[in-house]
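> I'd like to ask you about the structure that follows.
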Amino acid sequence: MPKTSSELLTLWEAGTPLQQAVHVFAPKDLKADWKSARSQSSLQAIRDRAEADAATEAPIAEKISRAIAEADPILNRRADLMNRMRWNLAEALRRDLLIAVAFEFPRTLASAPVELRPEYWRGKQVWDKGELHADNLRFVEVRILMPAQAAALLGGSVEGTARKPGRPGYGPDIEAAFHALNKAGKIAPHASMSSHYPLIRDWLRVHRPDSAPTPHTPGDEAIRRVVAPLFRALTDDA
């Protein structure tokens, strides 16, 4: 059922701006890598190199060039991580795993927000401005939510084909995670099946990041449908 303008405004007000969503919805390992990369100072690397070269007789231009080059690995690492986080977020939106709400440009006082269709995310993302350009349309002030958050805000379920439990794209990856964890001795047949869900998500974030774009995906029901027969077989053999 289409959402009303009032409902969409509620979602938009609660959503995370696109610029921040890149970090908020990043996989845990990428968040850790980003924090590590941000802790390294490119300016300090330049200063350290300049001080080390101060006593040498190399030409000034060469000293400056070498000092500036010290920052390149740090800045390149940050750029690579940012690109990966942006790709992860856009892919989650393309796969209908997250909800995006925005305003069509130009926004006026009478404008109402609209929900962005997954296929729009094949267009151009203007990350620093929080915009999306697709199908000759320009959307501004883009904000992102998880389906569960939207459902809680609207007091019901949020429809979406790819958000339904057990979507086909998850199945093989969840099964691979289960078998890998079992081989590593991390599946305990006498423990509750649901106690293994966090382990499965952690494995997916490392080995199949496309299947775990947020800390809460795949959902419990999606995991249960795939894992239940596998876990039951282990329990029967135990």
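The values are calculated or read from the model by the stated rules, or taken from the named source; none is laboratory data. Remember, it's a predicted structure, so these values are computed and weren't measured experimentally. FYI the Cβ positions are ideal-geometry reconstructions off the backbone, even for glycines, and counts take in every protein chain you see.
> Would you be able to tell me the number of residues in segment 127-153 that are of a type outside the set (G, A, S) and either part of a helix (DSSP H, G or I) or surrounded by fewer than 16 Cβ atoms within 10 Å (Cβ to Cβ) (or both)?
Number satisfying all stated conditions: 10.
Yes/no matrix, rows are residues, columns are (1) assigned by TED's automatic domain parsing to the domain that holds Y170; (2) modelled with pLDDT of 70 or more; (3) under 17 Å from L18 (Cα atoms); (4) among the basic types (K, R):
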residue	(1), (2), (3), (4)
T56	no, yes, no, no
I68	no, no, no, no
P73	no, yes, no, no
N76	no, yes, no, no
L81	no, yes, yes, no
R84	no, yes, yes, yes
L89	no, yes, yes, no
F105	no, yes, yes, no
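> Restricting the search to segment 189-210, which residues are closer than 22 Å to P147 by Cα and loosely packed, with under 13 Cβ neighbours inside 10 Å?
S194, P198
> What about A26, is it outside any helix (DSSP H, G or I), within 25 Å of the chain's Cα centre (by Cα), modelled with pLDDT of 75 or more and surrounded by 12 or more Cβ atoms within 10 Å (Cβ to Cβ)?
For A26, the condition - outside any helix (DSSP H, G or I), within 25 Å of the chain's Cα centre (by Cα), modelled with pLDDT of 75 or more and surrounded by 12 or more Cβ atoms within 10 Å (Cβ to Cβ) - is met.
> Just to be sure I understand, how many residues within segment 211-238 are of a type in the set (D, E, K, R), surrounded by fewer than 16 Cβ atoms within 10 Å (Cβ to Cβ) and under 28 Å from the mean Cα position of the chain (by Cα)?
Qualifying residue count for the region: 2.
> Looking only at segment 78-107, count how many residues are out of contact with any Pro (no Cβ under 8 Å at 6 or more places or on another chain) and farther than 19 Å from A148 by Cα.
Number of matching residues: 14.
> Within segment 214-230, count every residue that is aliphatic (A, V, I, L, M) and touching a Pro at 6+ places or on another chain (Cβ under 8 Å).
Final tally of qualifying residues: 1.
> Need the failing condition index for K124 against (1) among the basic types (K, R); (2) buried (at least 17 other Cβ atoms within 10 Å of the Cβ); (3) out of contact with any helix residue (DSSP H, G or I) (no Cβ under 6 Å at 6 or more places or on another chain), just the number.
Against the list (1) among the basic types (K, R); (2) buried (at least 17 other Cβ atoms within 10 Å of the Cβ); (3) out of contact with any helix residue (DSSP H, G or I) (no Cβ under 6 Å at 6 or more places or on another chain), K124 comes up short only on (2).
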